[in-house]
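Visitor: Let me give you the structure first, and then I'll get to my questions.
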Amino acid sequence: MSLDRSLEELARRFARERLLPEASRYDREAVFPWPLFREAARLGFPVLLVPEELGGVGLGPVALTGVAEELAYACTGLAAALLLNNLVADALLLSGSPYARGFLPRLREEVASYALTEPHAGSDVAALRTRAEKVPGGYRLWGRKTWISHAPEARFFVVFARVAEGREGIAAFLLERGEGVEVGPPLPKLGQKASPAAEVALEGAWVPEEGLIAREGFRLAMRVFNRSRPMVAALAVGLLRRALDEALAYATLREAFGRPLVEHQGVGFKLAEMAVDLEAARLLARKAAEQAERGEDNAFMAAAAKAFAAEAAERGAAEAVQVFGGNGYSEEYPVAKLYRDAKVLRIYEGTSEIQRLIVLRELLRRRS
């Protein structure tokens with residue numbers, strides 16, 4: 001058995017034995033799952049991309065997508081809570097900064113955040129307004145970020161801020177939590193509540209000279225997206241797989257008009273379409289991850305995988321609710337949570353609309 005396959009088996013057991021029993025509670029309480037994070041850290045899940053010599057597992061995007069699917073089968077919110085340190089790790093590694101590299105060992109025990117989105121700059125990253133002011137010995141950061149995953153718990157942040165006009169004027173900074181960093185309360189969310197997000201106000205937060213980890217911050221952000229989107233696609237695959245399993249089990253046991261629901265074409269075709277979507281989404285996610293692991297330009301495939309898998313998951317969760325009928329609308333059954341959790345997959349890490357723009361851009365580029 002390959003290392004990636006054995007890791008996926010480990011993640012599957014952890015998801016079934018530890019995450020599934022806790023998923024509903026964390027969804028109700030909407031708090032970060034520190035006990036589960038510490039257990040996952042012992043297995044290496046938050047640091048899959050961190051080199052071994054720095055306390056990580058030293059694997060790549062393919063392994064991350066495999067683990068993401070297995071953990072998301074139990075709960076996408078818990079999966080995100082346990083895996084998003086890998087997003088920060090990618091940013092630190094891709095920056096090429098020795099200073100950033102020194103923060104990587106902390107990701108096994110601490111939570112870090114990737115602070116890009118702003119109230120006026122979500123899909124339009126180049127429109128961000130947070131600014132970095134040069135001062136003796138470093139920089140002062142001023143601005144406001146929003147929907148920053150795990151900000152309530154984060155000990156440090158990768159922050160994108162403007163040092164000049166235009167997208168070429170965006171730089172990336174590594175900021176310790178401290179004076180000048182004000183984190184708001186967790187934002188109320190429809191789903192994925194175990195992965196809290198908050199606003200972050202930067203009021204002159206100080207960063208040392210070496211904390212400017214990438215002068216080409218916009219380029220770094222785009223490279224990180226190309227490597228993180230396969231993981232998001234894999235989260236969607238895990239959720240869709242769970243929705244199919246729940247719907248199939250229910251349709252097999254529940255009867256209507258003297259026959260199991262599954263024997264009615266109206267229901268059976270829904271399940272068949274979910275199964276087709278599942279296989280296609282998994283293949284897209286894996287191909288995008290394989291391209292990233294080989295160091296290839298995977299912008300097209302990452303966007304395609306993220307858009308298709310996220311929409312398939314939302315569609316599949318909605319169909320699962322439909323198969324359950326009135327029971328599907330009840331929070332006593334698992335498909336209601338799947339439906340709530342699925343929606344944000346089409347929004348974070350770039351909306352489905354942005355993914356289509358990327359696909360179109362790549363198509364036109366290939367013709368030129």
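The values are calculated or read from the model by the stated rules, or taken from the named source; none is laboratory data. As the structure is a computational prediction, the values presented were derived from the model and not from experiment. Heads up, the Cβs are rebuilt from the backbone with ideal geometry, glycines too, and the neighbour counts pull from every protein chain shown. The area values use the complete protein model at the heavy-atom level, side chains included, leaving out ligands, DNA and RNA. Shrake-Rupley method; radii C 1.70, N 1.55, O 1.52, S 1.80 Å.
Visitor: When you check residue 45 against the structure, is it open to solvent by less than 30 Å² (accessible area, probe 1.4 Å), touching a strand residue (DSSP E or B) at 6+ places or on another chain (Cβ under 7 Å) and either over 26 Å from residue 313 (Cα atoms) or touching a residue at least 12 places away in the same chain (Cβ under 8 Å) (or both), yes or no? Before the answer, list the steps.
Guide: Working: open to solvent by less than 30 Å² (accessible area, probe 1.4 Å): yes; touching a strand residue (DSSP E or B) at 6+ places or on another chain (Cβ under 7 Å): no; either over 26 Å from residue 313 (Cα atoms) or touching a residue at least 12 places away in the same chain (Cβ under 8 Å) (or both): yes.
It is false that residue 45 is open to solvent by less than 30 Å² (accessible area, probe 1.4 Å), touching a strand residue (DSSP E or B) at 6+ places or on another chain (Cβ under 7 Å) and either over 26 Å from residue 313 (Cα atoms) or touching a residue at least 12 places away in the same chain (Cβ under 8 Å) (or both).
For (1) in contact with a Leu (Cβ under 7 Å, 6 or more places away or on another chain); (2) of a type in the set (D, E, K, R), each residue gets a yes or a no:
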| position | (1), (2) |
| --- | --- |
| 40 | yes, no |
| 47 | yes, no |
| 70 | no, yes |
| 107 | no, no |
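Visitor: If you don't mind, another one. Among 345, 360, 284, which is the only one that is within 29 Å of residue 123 (Cβ to Cβ) and open to solvent by 80 Å² or more (accessible area, probe 1.4 Å)? Walk me through it before giving the result.
Guide: Details: 345 fails: open to solvent by 80 Å² or more (accessible area, probe 1.4 Å); 284 fails: open to solvent by 80 Å² or more (accessible area, probe 1.4 Å).
Every option except 360 fails the conditions.
Visitor: Here's another thing I want to ask about it. Residue 99 - would you say it is in a helix (DSSP H, G or I) and surrounded by 16 or more Cβ atoms within 10 Å (Cβ to Cβ)?
Guide: Details: in a helix (DSSP H, G or I): yes; surrounded by 16 or more Cβ atoms within 10 Å (Cβ to Cβ): no.
So residue 99 fails the test.
Visitor: Need the failing condition index for residue 327 against (1) within 21 Å of the chain's Cα centre (by Cα); (2) surrounded by fewer than 23 Cβ atoms within 10 Å (Cβ to Cβ), just the number.
Guide: Failed condition: (1).
Visitor: Here is a further query. When only residues in region 106-142 that are assigned to a helix (DSSP H, G or I) and among the aliphatic types (A, V, I, L, M) count, which is surrounded by the most Cβ atoms within 10 Å (Cβ to Cβ)? Break it down stepwise before answering.
Guide: Going residue by residue through region 106-142, those that are assigned to a helix (DSSP H, G or I) are 106-108, 125-127.
From what's left, among the aliphatic types (A, V, I, L, M): 107, 125-127.
On the way: 107: 24, 125: 20, 126: 13, 127: 12.
Ranking the candidates gives 107 first.
Visitor: Given the criterion touching a Pro at 6+ places or on another chain (Cβ under 8 Å), β-branched (Val, Ile, Thr), closer than 30 Å to residue 209 by Cα and modelled with pLDDT of 95 or more, identify the matching residue among 31, 50, 88.
Guide: Values: 31 fails: closer than 30 Å to residue 209 by Cα; 88 fails: touching a Pro at 6+ places or on another chain (Cβ under 8 Å).
Step by step, each of 31, 50, 88 is checked, and only 50 is touching a Pro at 6+ places or on another chain (Cβ under 8 Å), β-branched (Val, Ile, Thr), closer than 30 Å to residue 209 by Cα and modelled with pLDDT of 95 or more.
Visitor: Of the conditions (1) among the small types (Gly, Ala, Ser); (2) open to solvent by 60 Å² or more (accessible area, probe 1.4 Å); (3) on the phi < 0 side of the Ramachandran plot, residue 258 clears all except one; give me its number.
Guide: Status for residue 258: all satisfied but (3).
Visitor: On to the next question. All but one of (1) at pLDDT below 95; (2) open to solvent by 30 Å² or more (accessible area, probe 1.4 Å); (3) in contact with a Ser or Thr (Cβ under 8 Å, 6 or more places away or on another chain); (4) farther than 18 Å from residue 77 by Cβ hold for residue 350; state the number of the condition that does not hold.
Guide: Evaluating residue 350 over (1) at pLDDT below 95; (2) open to solvent by 30 Å² or more (accessible area, probe 1.4 Å); (3) in contact with a Ser or Thr (Cβ under 8 Å, 6 or more places away or on another chain); (4) farther than 18 Å from residue 77 by Cβ leaves (2) as the failure.
Visitor: Keeping to region 255-276, report how many residues are free of Cβ contacts under 8 Å to residues at least 40 places away in the same chain and either assigned to a helix (DSSP H, G or I) or touching a strand residue (DSSP E or B) at 6+ places or on another chain (Cβ under 9 Å) (or both). It would help to see each step written out before you state the result.
Guide: Of region 255-276, the ones free of Cβ contacts under 8 Å to residues at least 40 places away in the same chain are 255-260, 262-266, 268-269, 272, 275-276.
Narrowing the set further to residues that are either assigned to a helix (DSSP H, G or I) or touching a strand residue (DSSP E or B) at 6+ places or on another chain (Cβ under 9 Å) (or both) leaves 262-266, 268-269, 272, 275-276.
Total satisfying the criteria: 10.
Visitor: Considering only residues that are assigned to a strand (DSSP E or B) and in contact with an Asp or Glu (Cβ under 7 Å, 6 or more places away or on another chain), which ones fall in region 151-177?
Guide: At the first step, the residues of region 151-177 found to be assigned to a strand (DSSP E or B) are 156-162, 170-176.
Scanning region 151-177 gives a single hit, 156.
Visitor: Also, quick follow-up: Which of (1) over 17 Å from residue 192 (Cβ atoms); (2) open to solvent by less than 10 Å² (accessible area, probe 1.4 Å) does residue 309 not meet, given it meets every other one?
Guide: Against the list (1) over 17 Å from residue 192 (Cβ atoms); (2) open to solvent by less than 10 Å² (accessible area, probe 1.4 Å), residue 309 comes up short only on (1).
Visitor: If you don't mind, another one. In the set 8, 53, which member is part of a helix (DSSP H, G or I), among the acidic types (Asp, Glu), closer than 22 Å to residue 294 by Cα and open to solvent by 60 Å² or more (accessible area, probe 1.4 Å)?
Guide: Details: 8 fails: open to solvent by 60 Å² or more (accessible area, probe 1.4 Å).
Being part of a helix (DSSP H, G or I), among the acidic types (Asp, Glu), closer than 22 Å to residue 294 by Cα and open to solvent by 60 Å² or more (accessible area, probe 1.4 Å) holds for just one of 8, 53, which is 53.
Visitor: Among the residues of region 70-96, write down those that are in a helix (DSSP H, G or I), of a type outside the set (A, V, I, L, M) and open to solvent by 40 Å² or more (accessible area, probe 1.4 Å). Steps first, please.
Guide: Narrowing region 70-96 to residues in a helix (DSSP H, G or I): 70-74, 76-83, 85-95.
Next, only the ones that are of a type outside the set (A, V, I, L, M) stay: 70, 73, 76-77, 85-86, 90, 95.
Passing the criteria: none in range.
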